[in-house]
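Worksheet for the structure shown next.
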Amino acid sequence: MSTATTTAPPAPVGGSSLNLRGQTLGRPVLGAIAVGAVALTVLLYLVTSIHSRIQFVLIALILFGVGQTIASVMVEGSRRARDRLVTSAVFGSFLLALIPLLAIIVSVVTRGASRLDGNFLTHSMRSIRARDAGGGIYHAIIGTLEQVGLASIMAVPFGLLVAIYLVEYGTGRISRVISFFVDVLTGLPSIIAGLFVLGFWILALGQSFSGFAGALALTILMIPVVVRSAEEMLKLVPDELREASYALGVTRWRTILKVVLPTALPGIVTGVMLAVARVAGETAPLLLTVFGANSINFNPFSGEQSALPLYIYSQAGQPQQVAIDRAWAAALVLIIIIMLLNLLARLVARRATIR
């Protein structure tokens with residue numbers, strides 16, 4: 001009578017856990033490779049003329065990828081080595097994309113927080129001379145909120161209706177023409193929108209510089225972003241939901257209103273906030289339509305008005321350090337406002353989805 005014998009699979013190199021897929025690189029080996037890559041990068045940092053932190057990170061990532069690939073080929077084989085190489089490239093690209101974002105946030109916070117206080121948020125630049133250390137951004141905050149709010153009121157419903165038509169109704173030449181012009185507007189330079197409003201609304205129709213004129217220019221920039229984002233979210237709604245609604249005898253417009261839109265609402269809100277974030281920092285259209293002001297103007301339909309991008313642009317172009325400090329603080333406030341708007345929109349979308 002023969003007895004069956006079993007052999008345990010080989011343990012991973014550098015570890016003791018059971019692995020049924022053959023030899024794999026354990027965490028101690030990967031840690032040793034990472035330490036070696038950092039040590040070699042430090043040596044190159046001391047010997048060569050490399051002095052940039054970004055270069056240090058790039059060289060360390062490249063050395064780690066090379067070392068990991070060599071070790072994986074020797075232990076795991078070429079197939080697993082290619083998989084590890086691609087995975088490392090993906091994570092490395094993510095880190096590289098994160099570095100500029102973190103650098104911008106750290107720079108704005110460190111340089112703008114020192115000037116940010118209650119007086120800065122509650123006063124305008126009226127009667128403030130170039131060398132004065134006072135002044136604030138209250139008038140610019142009011143202008144930005146009113147202009148972006150008016151642009152959103154005009155752009156979001158219109159863009160959402162266009163997206164609904166393209167997804168639910170449009171099948172012929174008209175839908176292709178609309179889609180083509182939306183693509184054209186997506187790549188439209190922001191200053192062209194400002195020139196159009198300047199030439200048509202202000203010069204041709206004889207209207208004055210105002211916050212509403214700036215909102216018109218921002219509306220032109222918001223519409224294609226809202227249309228494209230809403231269109232993609234509506235396409236992700238399963239057709240089974242529509243068919244189930246039609247099978248119950250529900251009309252198409254009620255199906256869109258009660259089934260399709262609530263299902264796609266989180267993605268639509270995200271697209272709207274992307275459009276808001278884009279236009280909230282636009283400067284060129286406002287230079288041609290709003291014109292800027294140092295005093296508070298609560299009426300966006302009459303008279304020149306300020307905005308945070310205009311305020312940052314004007315203050316950063318002055319040679320005085322107090323003006324540059326005000327520009328950094330205004331940039332920090334603009335980032336905070338956009339973050340708060342995104343948070344509020346996500347909370348509203350989550351509540352609507354739950355209901």
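The values are calculated or read from the model by the stated rules, or taken from the named source; none is laboratory data. Since this is a predicted model, take the numbers as computed values, not measurements. FYI the Cβ positions are ideal-geometry reconstructions off the backbone, even for glycines, and counts take in every protein chain you see. Ligands, DNA and RNA are excluded from the accessible area calculation, which covers all protein heavy atoms including side chains. Shrake-Rupley method; radii C 1.70, N 1.55, O 1.52, S 1.80 Å.
Data table
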| quantity | calculated |
| --- | --- |
| Positive-end extreme of charge dipole, the chain - chosen from Leu257, Pro309, Ala71 (charges on Cβ) | Ala71 |
| Prolate/oblate/rounded label for region 132-179 (Cα gyration tensor, a/c 1.5) | prolate |
| Efficiency of FRET between Ala204 and Ser302 - r from beta-carbon atoms, R0 30 angstrom, step 0.05 | 0.95 |
| Cα shape, region 159-274, gyration tensor, a/c 1.5 rule | prolate |
| Given charges at beta-carbon only (K, R positive; D, E negative), |dipole| of the chain in Debye | 540 debye |
| Probe 1.4 Å, accessible area per residue of region 215-344, Å² | 46 Å² |
| Charge-dipole axis of the chain as Lys and Arg at +1 and Asp and Glu at -1 on Cβ define it, positive-most pick from Asn299, Ala331, Asn342 | Asn342 |
| Whole-number accessible area per residue in Å² for region 39-192, which is evaluated in the context of all protein chains at 1.4 Å | 63 Å² |
| Cα-projected label distance for Arg27 with Arg350, points at 7 Å along beta-carbon direction, nm | 3.0 nm |
| Mean separation of Cα contacts under 8 Å (6+ apart) over length of region 196-285, as relative contact order % | 36 percent |
| In degrees, nearest ten, helix 261-280 long axis to first principal axis of the chain (Cα) | 70 degrees |
| Estimated dipole of region 223-336 in Debye, rounded to 20 [Cβ of Lys and Arg +1, of Asp and Glu -1, Cα centre] | 240 debye |
| Nearest 10 degrees, 0 to 90: helix 27-47 Cα axis against the chain principal axis | 60 degrees |
| Per-residue ³J(HN,Hα) for region 151-157, Karplus 6.51 cos²θ - 1.76 cosθ + 1.60, θ = phi - 60°, Hz, x for Gly and Pro | 5, 5, 4, 7, 7, 5, x |
| Proximal charge balance of Ser295 [Cβ under 15 Å; K/R count +1, D/E count -1] | 0 |
| Per-residue ³J(HN,Hα) for region 176-184, Karplus 6.51 cos²θ - 1.76 cosθ + 1.60, θ = phi - 60°, Hz, x for Gly and Pro | 5, 5, 4, 4, 5, 5, 5, 5, 5 |
| Mean ellipticity per residue at 222 nm, deg cm²/dmol - from DSSP H runs of n ≥ 4 across the chain, formula -39500 (n - 2.57) | -22500 deg cm²/dmol |
| R0 of 56 Å, Cβ-Cβ distance Ser127-Leu257: FRET efficiency to nearest 0.05 | 0.60 |
| Overall form of the chain per C-alpha gyration tensor (a/c, 1.5; a/b vs b/c) | oblate |
| Percent carbon-and-sulfur accessible area, the chain, ignoring ligands, DNA and RNA, probe 1.4 Å | 68 percent |
| Low-density loop positions, chymotrypsin sites (Phe, Trp or Tyr not before Pro), region 55-162 - DSSP coil, at most 10 other Cβ in 10 Å | none |
| Extension gain (nm, one decimal) between Leu340 and Leu44, 0.36 nm per residue minus Cα-Cα | 102.2 nm |
